[in-house]
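Take a look at the structure below.
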Amino acid sequence: MRKFFAAAVASAVALVGFAGIASASATIDLIWAGNSTDTTGTVLDSSNITLQVILTAGAAGSQGAGVSVDYSGVSGLTAVSFASTPAGPLPLGLGSTTDLGGRIDNVNSAALPPYVGTGLTAAGQSHQLGTITFHKSVDVGNGTFEIFSDANGPTDDVLNLSGGVITDTTTFNSAFLINVPEPGAIAMLAMGLGGMLLAGRGRRS
């Protein structure tokens, strides 16, 4: 069954006699605002980090998208703010962007060309669908953690410039948080290990 996002745009398209068929893919990227890449490892405990949700059009352009971001695999992250950012070529917002606890649903921006917005008209043209700001607590363990993008929400879909659904041929990329002990914690650990070694030598002598 076609999801709400696609249905809302398709209904509007039908009203003005403008319809199309899916024929190309798109890409969804999750980019950290602090370094403009998909990976960050410089986030201090008890600080905030912002993730940008980026739609990049394929050969058939894009009329917009509604996607979701799943951060449930990183227990020490809390979404403190989030919003869709319709503007420019994709000025319409469709439905609410919601935090379901570990998952932000329906991060979206859309257009209804030629009436409202132009859409993404060329391959490689990008638009920020929305942003999510996380608070990183001390509960984040050490290691590499993945945050996923997908279109599994009940109102999610990706459209080409003609309004056709191209979700199945869209590439959904992830973001990564690399967490290591902070310098102070490393120093304390080294001091502790050093003390244990000295104590052990003292007992052997």
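Can you name the residue in the stretch 69-94 that is farther than 15 Å from Gly130 by Cβ and among the hydroxyl-bearing types (Ser, Thr, Tyr) and is also surrounded by the most Cβ atoms within 10 Å (Cβ to Cβ) among such residues?
The selected residue is Thr78.
Within the stretch 4-25, identify whether any single residue is modelled with pLDDT of 95 or more, touching a Ser or Thr at 6+ places or on another chain (Cβ under 9 Å) and crowded, with 20+ Cβ neighbours inside 10 Å, and answer yes or no.
As a first pass, look at the stretch 4-25 and keep what is modelled with pLDDT of 95 or more: none.
So far as the stretch 4-25 goes, no, none of its residues is modelled with pLDDT of 95 or more, touching a Ser or Thr at 6+ places or on another chain (Cβ under 9 Å) and crowded, with 20+ Cβ neighbours inside 10 Å.
Considering only the stretch 95-120, state which residues are buried (at least 16 other Cβ atoms within 10 Å of the Cβ), β-branched (Val, Ile, Thr) and over 20 Å from Phe172 (Cβ atoms).
Listed by number, the list holds a single entry, Thr118.
Of the residues in the stretch 121-145, how many are touching a residue at least 60 places away in the same chain (Cβ under 8 Å) and over 11 Å from the mean Cα position of the chain (by Cα)? Show your work before the answer.
The initial filter retains those residues of the stretch 121-145 that are touching a residue at least 60 places away in the same chain (Cβ under 8 Å), namely 121-141, 145.
In the following step, the residues that additionally are over 11 Å from the mean Cα position of the chain (by Cα) were identified as 121-127, 134-141, 145.
Residues flagged as touching a residue at least 60 places away in the same chain (Cβ under 8 Å) and over 11 Å from the mean Cα position of the chain (by Cα) within the stretch 121-145 amount to 16.
Within the bounds of the stretch 114-134, is there any residue that is farther than 21 Å from Asn48 by Cβ and touching a helix residue (DSSP H, G or I) at 6+ places or on another chain (Cβ under 8 Å)? Talk me through it step by step, then tell me what you get.
Our first condition is that a residue be farther than 21 Å from Asn48 by Cβ; within the stretch 114-134, this holds for 114-127.
Adding the requirement that they be touching a helix residue (DSSP H, G or I) at 6+ places or on another chain (Cβ under 8 Å) leaves none.
Looking through the stretch 114-134, none of the residues is farther than 21 Å from Asn48 by Cβ and touching a helix residue (DSSP H, G or I) at 6+ places or on another chain (Cβ under 8 Å).
With the requirement that a residue be part of a loop (DSSP other than H, G, I, E, B) and surrounded by fewer than 21 Cβ atoms within 10 Å (Cβ to Cβ), what does the stretch 125-161 give you?
Here is the first cut: in the stretch 125-161, the ones part of a loop (DSSP other than H, G, I, E, B) are 125, 137-142, 151-156, 160-161.
Within the stretch 125-161, Gln125, Ser137, Val138, Asp139, Val140, Gly141, Asn142, Asn152, Pro154 qualify.
The values are calculated or read from the model by the stated rules, or taken from the named source; none is laboratory data. All values derive from a computational prediction rather than experimental measurement. Positions of Cβ are generated from backbone atoms using ideal geometry, with glycine treated the same way; all protein chains shown enter the neighbour counts.
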